[in-house]
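Novice: Right, I'll just put the structure down here and ask away after.
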Amino acid sequence: MNNSKNRPTSISLESYGITHANINYQLSPDDLHQITLERKMGREASSGALAVNTGEFTGRSPKDRFIVRDAITEDKVWWSDINIPFTPEKFDALYDKVIAYLNDKELYVRDCYACADHNYRMDIRVVNEYPWSNLFVYNMFIRPTQEELKDFDPEWTVINAPGFMADAKEDGTRQHNFAILNFTRKIALVGGTGYTGEIKKGIFSALNFILPVEKNTLPMHCSANVGKDGTTALFFGLSGTGKTTLSTDASRKLIGDDEHGWNNENAVFNFEGGCYAKVINLSKEKEPEIYGAIKKGAILENVIMDGNGVVDFADTTITQNTRVSYPLYHIENVQRPSIGKNPKNIFFLTADAFGVLPPISKLTPSQAAYHFISGYTAKVAGTEAGVVEPIPSFSACFGAPFMPLHPAKYAEMLSRKMQDSGVSVWLVNTGWTGGPYGVGTRMKLQYTRAMINAVLNGDLGLYSYDDYHIHSVFGVAQPRTCPGVPTDVLSPRTTWNDDKAYYTTAFKLTNAFRENFKKFEAYASEEIRRGGPQRYAF
Ligand code: ATP
Ligand code: MN
């Protein structure tokens, strides 16, 4: 049945305790695609992409993400409900169980690396239970050349066993799934979940500890691209705010869509070798580059297809978080290698479901630091049938679940870098306009792109009071005009047609900002605190 048994295997996994599994090493993407189909673990979409279901989990599970508390991490990690401690003993025991589980399986193993800048390169070996997870690894990490593979000596290992279920009581986990980082053994152990994002975010989290602690380099949850003039732009933001969408722009070269480092040699480098885009409501017209990247080699996750393999991107039966992963080379206009100069512009993206933040505004250095520490976006949650209300969501550094150190550490580094590089920082609301969720509408992608392009082309210089207006609540500089955008869209209050409702809602949000910032007050200078909203509800 399984012809992969005949394929040559060229590595031993004995040092991991894997002594008798059948190892498929460094298979080509075509082979992995084929094996997935043969094993009936996926279907081929009409675009040629492989479509899989990730199983019980269709997103990350932050409550099941642990860090081993040991000599390396003890004093450095910011232990909290984000960075949950795990004992070395429990880790060793669970590791042995996972290895025993994998030992009689067909395994898919890949050597690859993270960090496009070779001074920071991290060599990784990933051991997957499923062939399509290994294709994800091919897509998302950097692919070594044959030459680079010759003396490949993996520093970190990812052990990925989606079919292994932990016994919470015995194993010390919360439930049957887990993602655990061990900095002493340099292992990311992922089990009980087939969601591929856990693999990529596991390595990201490891780098978010290693780079600042050992290499004085700032890791960032952001996308990046570079213009014809060679200037780099960064886009920070929480999930769904537009990092992937806005950085993928035919007129600019893509550096990367999610994870970057900013080093001390005035450069920004991608950690990854691929993109992981949301595909909910994807359309060829609005997002042609991402649409075009969905072809043979790409993996669609949790989408619904008809009998002919045609995907219905509007169908959220399985999840809202439908995704596609593809290697960077599926995008035409990419920067090679994935490195850019110091950024000239940084965008903080937020999907403000209250609809009160301006669609674009410029931040002072204090405001930039304040908003980076706050990491605001909004979620929309149903309360009772038919009633939906925005809920503010704050995630420090626009990526708290992946940041093992205290947020102040990353914020200090970013503030210093922003100062040294003289970068301009913009707050972009890709969320609602004309009212909150339920009343207003989502900002048109076309307008957001126009605002960003205006900044990048130098058409949004805010020089005098005629050019901008200081928002009376948030204190940010709101441009009065912008090429390609109707003027009234630029002022959220104007789009509401109800001043009282607008200010009441704006104060709701500023109160949430103030409440959230309390836990950082002890770490923030007077200057950073001044960067917060100017007015609050009484
Ligand atoms: P993640 O960290 O989970 O990868 P992300 O920041 O990369 O998230 P995107 O994948 O870019 O987020 O998702 C943004 C979603 O919002 C897309 O589905 C996009 O089509 C949609 N969208 C709608 N309006 C806008 C807008 N004005 N700007 C940006 N995205 C928009
Ligand atoms: Mn993304």
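The values are calculated or read from the model by the stated rules, or taken from the named source; none is laboratory data. Everything numeric here is computed off the predicted structure, so don't read it as measured data. Positions of Cβ are generated from backbone atoms using ideal geometry, with glycine treated the same way; all protein chains shown enter the neighbour counts. Accessible surface is based on the protein model in full, side chains and every heavy atom, while ligands, DNA and RNA are left aside. Shrake-Rupley method; radii C 1.70, N 1.55, O 1.52, S 1.80 Å.
Novice: Given H placed on each backbone N at 1.01 Å, which residues far from TYR195 in sequence or on other chains put an amide H within less than 5 Å of it?
Specialist: So TYR195 has HN proximity to PHE57.
Novice: Calculate, in nm to one decimal, what ALA522 and SER12 gain on full extension: separation in residues at 0.36 nm each, minus their alpha carbon distance.
Specialist: Full-extension gain reported as 178.5 nm.
Novice: Could you work out [θ]222 nm for the chain from helices alone, using -39500 (n - 2.57) per DSSP H run of at least four and dividing by all its residues? Round to the nearest 500 deg cm²/dmol.
Specialist: -7500 deg cm²/dmol
Novice: Further question on the same structure: Quick one, could you list the DSSP H helices from the chain stretching 24 Å or more along their long axis (Cα atoms) with average Kyte-Doolittle hydropathy of -0.5 or above?
Specialist: The answer, listed by residue number, is 197-215.
Novice: Can you send over the solvent-accessible area of ASP488, 1.4 Å probe, protein chains only, in Å² to the nearest 10?
Specialist: Ignoring ligands and nucleic acids, ASP488 comes out at about 90 Å².
Novice: Right, next: If each residue of separation counts as 0.36 nm, what is the full-extension length gain between MET305 and LYS286 once their alpha-carbon separation is subtracted?
Specialist: Length difference between fully extended and current span is 4.8 nm.
Novice: Put one equal scatterer on each alpha carbon of the chain, apply the Debye formula with no solvent term, and list log10 I(q)/I(0) at q = 0.06, 0.12 1/Å to two decimals.
Specialist: Relative scattering, expressed as log10 I(q)/I(0), comes to -0.28, -1.17.
Novice: Something else: In percent, what relative contact order does the chain have, based on Cα pairs under 8 Å that are 6 or more apart in sequence?
Specialist: In percent, rounded to a whole number, it is 13.
Novice: Continuing with this model, one more query. Treating only the Cβ of Lys, Arg, Asp and Glu as charged (+1, +1, -1, -1), what charge dipole size does the chain show about its Cα centre? Round to the nearest 20 debye.
Specialist: That gives a dipole near 860 debye.
Novice: Given a Förster radius of 45 Å and the C-beta distance between GLU38 and LEU445 as r, what FRET efficiency does 1/(1 + (r/R0)^6) yield to the nearest 0.05?
Specialist: Calculated transfer efficiency: 0.70.
Novice: Per-residue accessible area for ILE84 at 1.4 Å probe radius, Å² rounded to 10?
Specialist: Surface accessible to solvent at ILE84 totals approximately 40 Å².
Novice: Answer rounded, prolate or oblate for the range 409-538, using the Cα gyration tensor with square roots of eigenvalues a ≥ b ≥ c: rounded when a/c is under 1.5, else prolate when a/b is larger than b/c, else oblate.
Specialist: Because a/c hits 1.5 or more and a/b fails to exceed b/c, the range 409-538 counts as oblate.
Novice: Continuing with the same structure: Over the heavy atoms of TYR138, what accessible area does a 1.4 Å probe trace out, to the nearest 10 Å²?
Specialist: 40
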